[in-house]
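Scroll down for the structure; my scribbles are underneath it.
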Amino acid sequence: MIAPSYLLGDIARKLGADLKGNPQQRITGLATLQCAGPEQISFLANPSYGKHVATSQAGAIIISLESAALATCSALVMDNPYLGYAQLSHWFDTTPKGPVGVHPSAVIDSSARIGAGVSIGAQVVIEADVDIGDGVVVGHGCVIGARTRVGCDSLLRPRVTLAHDVVIGQRCHILSGAVIGSDGFGFANERGVWHRIAQIGRVVLGNDVEVGANTTIDRGALDDTVIGDGVKLDNLIQIAHNVHIGDHSAMAAKVGISGSTRIGSHCMFGGAAGVAGHLTISDGVQLTGMTLVTGDISEPGVYSSGTSAETNRQWRKNAVRFRQLDAMARRLKELEKKSEGRGRST
Amino acid sequence: MIAPSYLLGDIARKLGADLKGNPQQRITGLATLQCAGPEQISFLANPSYGKHVATSQAGAIIISLESAALATCSALVMDNPYLGYAQLSHWFDTTPKGPVGVHPSAVIDSSARIGAGVSIGAQVVIEADVDIGDGVVVGHGCVIGARTRVGCDSLLRPRVTLAHDVVIGQRCHILSGAVIGSDGFGFANERGVWHRIAQIGRVVLGNDVEVGANTTIDRGALDDTVIGDGVKLDNLIQIAHNVHIGDHSAMAAKVGISGSTRIGSHCMFGGAAGVAGHLTISDGVQLTGMTLVTGDISEPGVYSSGTSAETNRQWRKNAVRFRQLDAMARRLKELEKKSEGRGRST
Amino acid sequence: MIAPSYLLGDIARKLGADLKGNPQQRITGLATLQCAGPEQISFLANPSYGKHVATSQAGAIIISLESAALATCSALVMDNPYLGYAQLSHWFDTTPKGPVGVHPSAVIDSSARIGAGVSIGAQVVIEADVDIGDGVVVGHGCVIGARTRVGCDSLLRPRVTLAHDVVIGQRCHILSGAVIGSDGFGFANERGVWHRIAQIGRVVLGNDVEVGANTTIDRGALDDTVIGDGVKLDNLIQIAHNVHIGDHSAMAAKVGISGSTRIGSHCMFGGAAGVAGHLTISDGVQLTGMTLVTGDISEPGVYSSGTSAETNRQWRKNAVRFRQLDAMARRLKELEKKSEGRGRST
């Protein structure tokens, strides 16, 4: 693998950044302020890292106008340096691209439609009437069920499972081990015995959706499970049947959304947060890590639940009191009454 | 795919429902009350949805005798409308059925016994001495380890892993990405270094068990991990080694059961609930979502722990007090003593 | 499969145990005290199981010197009986070993280097410039990305995914469904829209690392994600990008470690514990199950958060008071002031 190499002037032009420095300077890598060397470019996105700018060995830095004075090396000045970093990161991406064409070990039903410029890896299985859009990459070992559609330029990493009748938008990125469109968890109980309910809805993903490794998105029971445009889901997330997630919401790893819940747009959920079923969560709701939501949320804002770690020795004392909390509240009320009575009597 | 079409009289007969309407009426789909059209059938299972009956465009509705008066369309009257819906759902299931036979890309050890009417998908691997019962479907990309037995009419969706010496009962349904029989998490510590313990038990699943997508069930350390008849496990669940789960218990996504714990029959665990190791949980225990169980539960009933979401602003104030809870309890006690002394003195 | 059979004297010699009994005694299995029969060996590691020794039918027992007097059968006396059990367990392991060689259905790039004595299963995919060390086993259906290195004697169970540029040490054990090296969850936000950041770091695993079934370890954004020697990770764990885990730390199932957090050595995290991002956790920290860590921990010890299950009826009363906790604390303070004033005035 030959290391990439760019001229600083070309980078500045591509990012739309204002260059303070030599446009002929050669850049061969991208690194953090602490790790970057003289041929590497770095960035200052979080002002609290400003202290590292002076001591950084970076050859150039992407930086905001407000912080630009800190830079002692070449500077690419732009409004949103983190966005600049995001854009530039793809220039240094070493992810191998699968070759255009179909690997001979792939098993593809003759009725499947395969677009132009598609790469299909080894050991793939594609069932009947699947539609693979132009420029799609299907990684090794993926399985795609009947009638599923994958939009143009989407990227399926190795070992993704798409069940039947799933719709994937354009430019989606599905990571390894993800399972999209498996059966929702629906059963009817008859005298203690569970009877399975066939899940006849679909999963529909918008454009530019990210689905993390080993994340599961269940198909709808009757209607569809719907994931909006630009939604980003981290690893090991569970999206149950009939859930709707609004555009550009992002969820960290291990989040779980129970059946039929509707999540608004531009939400941000911290790791392992959970939302109960049949709820409505408005746009712009943020949940901190491990928060449990058991009721509707109708206002944007940050929400939390639970407690955070203390020494086990202290925690044991406090946790046992949690079980006495209602009693404590009543005793407090009682004392207040007495105190007031006493106040009045004196 | 040709849409299915049935006569209402045939549906009523099959469900054992009392038909109020024209038995010749044609039904081509199943939908919610809000979405159903005049050729579709719907159901009223939850009385709180009763308000949707009057405005529904459904051509027919499965409904209880108590609610039947609400229906303005044809009605299929039966005791458990949700069960009727469950049964009928399979008539409209569009999941493709794999063809009977073995896909040529499958790798099957010559010692494996393959029953009658079995469908084995592409890219499957089946090791030595595996026994696949009659009518089993093995989805694409599944791997089945040596000596494992899969009971009649069980359905393995694509990319399931069954390790060696696993026993799967009849009519089980194993969803994509599930791993059954991988090694339990057992190590002996010697001066800070962990030494792996070979996991020589098995996993034994009863009949009619559902295992969700990307769920993991570990093999026993010495004895077996045992999942009873009719148990339903949702996605991303962890069942550790030596766990026993009683018949007809159901667990929502992301539940975790630690090693050697015994769960009774007819339990229902909400999403992300967790049970510590070496515990005994009686029959009929229900856990609400995210509940943590750290001790035995000997009585049926509903159990909970944790707190639920409030605004982060409020939560920060309350959560910091949680750490003072024991101190608050002591101060409260102190005040009560004083108050009592004062009461006595006056 | 022929059952293994050993002489007790050979076992004692191998474990370095002091044998009280007949070295010619034949041992054909390993079982718990309650299940062992006269041809089986058992062990007493937890003193609380001492009561089972007298009634056990075991033919021999691995036991400490302090407890040896309890044994009525042959005894293998050693300091750490649990370690003895761990060592002996491998003698009775029935996991099938893949044959040395490459299965004809495997797809292996011609530039890959395959060591001596390697076993590569069916339906495997190995990309360009991969380096597989001597004695490695690659289970069926694994996918190994370009330039990834797997150290000698490591064992990949079926359906593991290693992305490109991953480094796996020697004697590692990677369980089915694990995904190592998938993209970290990194996005830059521009006016509400998320832009993906290419993840150009690697994942580097030390020697003797265990990675559980369906566990995900993300590659670094710029630097590497680093897992130390002897680290043991259970199933369904999420390790985010840039995380470092110190040597010999162990984490139970469903733990989540957020991005850029550094975990020390010899830590032990209970099931479903979670650590927020950008934190530093010292050596020797233990977290109980479901604990949430939101700040640095600089001292070894046991830490906890949350509450544990009580009846839902009681819990509802207490949980509602949690939201009043700050108000209660203020009211308590107020009463104390009054009480003190009253004390002074009288």
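The values are calculated or read from the model by the stated rules, or taken from the named source; none is laboratory data. It should be emphasised that the depicted structure is a prediction, and the values quoted were computed from it without experimental measurement. Please note: Cβ atoms are built from the backbone with ideal geometry, for glycine as well, and neighbour counts cover all protein chains shown.
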So which pairs qualify, if the first residue must be in the range B:254-283 and acidic (Asp, Glu), the second must be in a loop (DSSP other than H, G, I, E, B), the Cβ gap must be under 6 Å, and the two must be at least 6 apart or on different chains? B:ASP283/B:GLY264; B:ASP283/B:SER265; B:ASP283/B:HIS266
Looking at the range B:10-17, can you tell me whether even one residue there is out of contact with any strand residue (DSSP E or B) (no Cβ under 8 Å at 6 or more places or on another chain), closer than 28 Å to A:ARG191 by Cβ and among the basic types (Lys, Arg)? yes
How about the range C:191-215: which of its residues are on the phi > 0 side of the Ramachandran plot and either in contact with a strand residue (DSSP E or B) (Cβ under 6 Å, 6 or more places away or on another chain) or more than 7 Å from chain A (Cβ to nearest Cβ) (or both)? C:ARG191, C:ASP208, C:ASN214
Residue among B:ALA240, B:ALA273, B:ALA252 that alone is at negative phi and out of contact with any Gly (no Cβ under 6 Å at 6 or more places or on another chain): B:ALA273
Restricting to the range C:108-135, name every residue that is assigned to a loop (DSSP other than H, G, I, E, B) and of a type in the set (Asp, Glu). C:ASP109, C:GLU127, C:ASP129, C:ASP134
Quick one: which of B:VAL150, B:VAL137 is out of contact with any His (no Cβ under 8 Å at 6 or more places or on another chain), aliphatic (A, V, I, L, M), more than 28 Å from C:ASP208 (Cβ to Cβ) and surrounded by fewer than 24 Cβ atoms within 10 Å (Cβ to Cβ)? B:VAL137
Somewhere in the range C:135-154, is a residue touching a strand residue (DSSP E or B) at 6+ places or on another chain (Cβ under 6 Å) and among the acidic types (Asp, Glu)? no
For A:SER258: the one exception among (1) closer than 21 Å to C:ALA276 by Cα; (2) under 19 Å from the mean Cα position of the chain (by Cα); (3) within 8 Å of another protein chain (Cβ to nearest Cβ): (1)
Report every pair of residues separated by at least 6 positions or lying on different chains whose Cβ atoms are under 8 Å apart, first residue within the range B:46-72 and assigned to a helix (DSSP H, G or I), second of a type in the set (D, E, K, R). B:ALA68/B:LYS20
Checked against (1) surrounded by 21 or more Cβ atoms within 10 Å (Cβ to Cβ); (2) not in a loop (DSSP other than H, G, I, E, B), B:HIS241 satisfies every condition except (2)
Counted residues in the range C:160-184 being within 19 Å of the chain's Cα centre (by Cα), of a type outside the set (A, V, I, L, M, F, W, C) and assigned to a loop (DSSP other than H, G, I, E, B) come to 5
Working carefully through the options B:GLY264, B:GLY341, B:GLY277, find the one that is in contact with a Ser or Thr (Cβ under 6 Å, 6 or more places away or on another chain) and more than 9 Å from chain C (Cβ to nearest Cβ). B:GLY264
Unique match (being assigned by TED's automatic domain parsing to the domain that holds C:GLY186, part of a loop (DSSP other than H, G, I, E, B) and more than 25 Å from C:VAL179 (Cα to Cα)) among C:ASP247, C:ASP283: C:ASP283
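Tell me, please, whether a residue that is in contact with a strand residue (DSSP E or B) (Cβ under 7 Å, 6 or more places away or on another chain) and hydroxyl-bearing (Ser, Thr, Tyr) can be found in the range C:262-276.
Going through the range C:262-276, the residues in contact with a strand residue (DSSP E or B) (Cβ under 7 Å, 6 or more places away or on another chain) turn out to be C:262-264, C:267-276.
With hydroxyl-bearing (Ser, Thr, Tyr) added as a condition, the list becomes none.
Checking the range C:262-276: not a single residue is in contact with a strand residue (DSSP E or B) (Cβ under 7 Å, 6 or more places away or on another chain) and hydroxyl-bearing (Ser, Thr, Tyr).
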Considering each residue of the range A:175-190, count those that are in contact with a strand residue (DSSP E or B) (Cβ under 9 Å, 6 or more places away or on another chain), within 7 Å of chain B (Cβ to nearest Cβ) and of a type outside the set (Val, Ile, Thr), and give that number. 6
Just wondering, is there one or more residues in the range B:204-214 that are charged (D, E, K, R) and in contact (Cβ under 8 Å) with a residue 40 or more places away in the chain? no
Which condition does B:VAL320 not pass, out of (1) surrounded by 15 or more Cβ atoms within 10 Å (Cβ to Cβ); (2) of a type in the set (A, V, I, L, M, F, W, C); (3) at pLDDT below 95, if it passes all the others? (1)
